[in-house]
Amino acid sequence: MTRMSSTLRTLLTGAALAALAGPAFADLVISNWDGYMAPDAVANFSAESGEPAEMVVHATNEEIMGKLIASGGAGYDVVFVSSPFAEVLNNLGLLEPIDPAQVPNLSNLYPEAQALPHDPGNAFSVPYAWGTTGLCYRSDVVSPEPTSWKDLLAPSEANAGKVTLLGTDRWLLAAGFLARGYSVNDSDQAHIDEVQADLTAAKATMLAFDDTTFYAKLVSGEANLVHAWDGWCNYGIAENATIKFAVPTEGSDLWVDTMVVMKASENKAGAFKFINYILDANNHKWAAENILYKVPNQPAMEGLAPEMLEQFPNMAMTPADLTKFEQLRDVGEAMRAYTKAVTEIKAAQ
């Protein structure tokens, strides 16, 4: 899962410093995270459709948002962003409505993926991957099995000093919100203050904040229990079968990465063709098989080998179960309070 750490205000004020120009000209420009779709996807799409296209890479949601806001979306056709950012782009008037007539493979989406809270009916975004967040742990050394967010925030003596938490604003605070029974999109300043105090106290029993190497720490034995996106926990499971993933009893979040079409696109028909190409079951299945993330494409998921679902049990989570969790949403001005709280948590001694 991609990470969201900066406020929209930061993006807006920094937009003038972002690269105003888009990438080099092509008939169709797709911006995505590196490695998030098949390496030959763009070339194969061009060969099949006759649409010359190129892919450019963005490292974070914040990076591409800065460019899109600065340029008004000019220079880009299809962009992959997480759903709260798709909401922001739509609210800024930068997104083209999705035309179902030009994307017939929308019918491959699970019904739940066509009714997501951020965009019911896929009016301005098309989900590409989705998942949740929870406890990733070494079942050979952690006993009893962890069941609560409090197992991370107040670990047992045996796990103290061998726990990591995601350091990205939304997910770090979500762990604290959920541990207290609050919404993952809570904007009540009193609740934010409570969670800030909880997470500051948790630092005494943590190994580190870690968004990128936590699963490797489990594999090496440096960590026993980590806060993890489900797909990233699968990377650890692939190397050590004793690693398990569990959703805490208090629940979790639903994260969604989406594809959007820029209103400034000069090739909207080609953009819709590309999204339709990705939604082809065989093409979309690549993401599930290679990046080990669930995709909201029913025939793609039904085409996965049973052995894969046995090795990575969280890949078998049903859409009905997944969408029981609260989707991360754009929290507007509350994001400033989130970023302030996380900055202070990390700075606290």
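Each reported figure results from applying straightforward, stated rules to the coordinates on display, with no laboratory input. Just so we're clear, the structure is a prediction, and the values are computed from it rather than from any experiment. Cβ coordinates were reconstructed from backbone atoms using ideal geometry, including for glycine residues, and neighbour counts include every protein chain displayed.
Using a basic spin-label model with each label point 7 Å from the Cα along Cα→Cβ, how many nm lie between Glu266 and Ala59?
3.0
Can you tell me the relative contact order of the range 188-265? Whole percent, Cα pairs under 8 Å, sequence separation 6 or more. Kindly include the intermediate steps, with their values, before the conclusion.
Working: 29 pairs, mean separation 13.9, N = 78.
Relative contact order comes out at 18 percent.
Considering the range 12-164, what Rg and Dmax in Å follow from its alpha-carbon atoms?
Using the Cα atoms of the range 12-164, the pair Rg, Dmax is 20.2, 61 Å.
Scan around Ile243 for amide H atoms under 5 Å from its own, H built in the peptide plane at 1.01 Å from N, and keep only partners 5 or more places away or cross-chain.
Those lying under 5 Å, H to H, from Ile243 are Ser139.
Cα axis of helix 230-239 to longest principal axis of the chain: angle in degrees, 0 to 90, nearest 10?
70
I want to check the label-to-label distance for Glu157 and Thr242. Put each point 7 Å from Cα in the C-beta direction and report it in nm to one decimal.
Computed distance between label sites Glu157 and Thr242 equals 2.2 nm.
Can you tell me the alpha carbon radius of gyration of the range 92-170 divided by the globular rule-of-thumb value 2.2 N^0.38 Å? Present the calculation step by step, with values, prior to reporting the outcome.
Numbers: Rg = 20.0 Å, N = 79, 2.2 N^0.38 = 11.6 Å.
That ratio works out to 1.73.
Does the range 245-349 come out rounded, prolate or oblate, given a ≥ b ≥ c as the square roots of the eigenvalues of its C-alpha gyration tensor, rounded meaning a/c under 1.5 and, failing that, prolate meaning a/b above b/c?
oblate
At 0.36 nm per residue, minus the direct Cα-Cα distance, what do Asp27 and Arg336 gain on full extension? Give it in nm, one decimal, please.
Values: separation 309, 0.36 × 309 = 111.24 nm, distance 3.77 nm.
Going from the current span to full extension adds 107.5 nm.
Cross-link list Lys268/Lys340; Lys285/Lys346; Lys294/Lys346; Lys67/Lys150; Lys67/Lys268: which exceed 28 angstrom alpha carbon to alpha carbon? Before the final figure, lay out the partial values.
Numbers: Lys268/Lys340 39 Å; Lys285/Lys346 38 Å; Lys294/Lys346 31 Å; Lys67/Lys150 39 Å; Lys67/Lys268 19 Å.
Check vs 28 Å cut-off fails for Lys268/Lys340; Lys285/Lys346; Lys294/Lys346; Lys67/Lys150.
Rounded to two decimals, what is the ratio between the C-alpha radius of gyration of the range 115-235 and 2.2 N^0.38 Å?
Numbers: Rg = 15.5 Å, N = 121, 2.2 N^0.38 = 13.6 Å.
For the range 115-235, the normalised Cα radius of gyration comes out at 1.14.
Specify the residue with the greatest mean-square fluctuation among Gly221, Gly73, Gly50, computed from a Gaussian network of the chain linking alpha-carbon atoms under 10 Å apart.
Top of the fluctuation ranking is Gly50.
Find how much the distance from Glu310 to Glu145 grows on full extension, using 0.36 nm per residue of separation minus their present alpha carbon separation; answer in nm with one decimal. Intermediate values should be presented prior to the final figure.
Values: separation 165, 0.36 × 165 = 59.40 nm, distance 1.94 nm.
Gain on extension, Glu310 to Glu145, equals 57.5 nm.
Which aspartates and glutamates have a Cα less than 13 Å from the Cα of Lys324, not counting those fewer than 8 places away in the same chain?
The reachable aspartates and glutamates, counting only those whose Cα sits under 13 Å from Lys324, are Glu112, Glu250, Asp253.
Measure nothing fancy, just the Cα-based angle from helix 189-202's long axis to the longest principal axis of the chain, in degrees from 0 to 90, nearest 10.
Rounded to the nearest ten degrees, it is 60.
Within the range 335-349, whose backbone N sits under 11 Å from a point 7 Å along Cα→Cβ of Lys203?
It comes to 342-349, nothing else.
Given C-alpha coordinates of the range 167-263, what is the ratio Rg to Rh with the Kirkwood estimate of Rh?
On the way: Rg = 15.3 Å, Rh = 15.0 Å.
Rg divided by Rh gives 1.01.
Can you compute the equivalent ellipsoid semi-axes for the chain, i.e. the square root of 5 times each eigenvalue of the Cα gyration tensor, sorted largest first and rounded to whole Å? Walk me through the numbers on the way to the answer.
Working: eigenvalues 226, 117, 58 Å².
Values for the chain, descending: 34, 24, 17 Å.
Across the range 41-52, in residue order, what do the Karplus-derived ³J(HN,Hα) couplings come to in whole Hz, using 6.51 cos²θ - 1.76 cosθ + 1.60 with θ = phi - 60° and x for Gly and Pro?
4, 5, 5, 5, 4, 4, 5, 7, 9, x, 9, x
Could you check which residue among Met55, Met317, Met206 shows the biggest mean-square fluctuation in a GNM of the chain with a 10 Å Cα cutoff?
Of the options given, Met317 has the highest mean-square fluctuation.
Can you give the calculated 222 nm mean residue ellipticity of the chain, where each DSSP H run of n ≥ 4 adds -39,500 (n - 2.57) and the sum is split over every residue, rounded to the nearest 500 deg cm²/dmol?
Calculated from helices alone, the mean residue ellipticity at 222 nm is -10500 deg cm²/dmol.
So if each residue of separation counts as 0.36 nm, and I subtract the Cα-Cα distance between Asp321 and Ala281, what length gain in nm does that give?
12.2 nm
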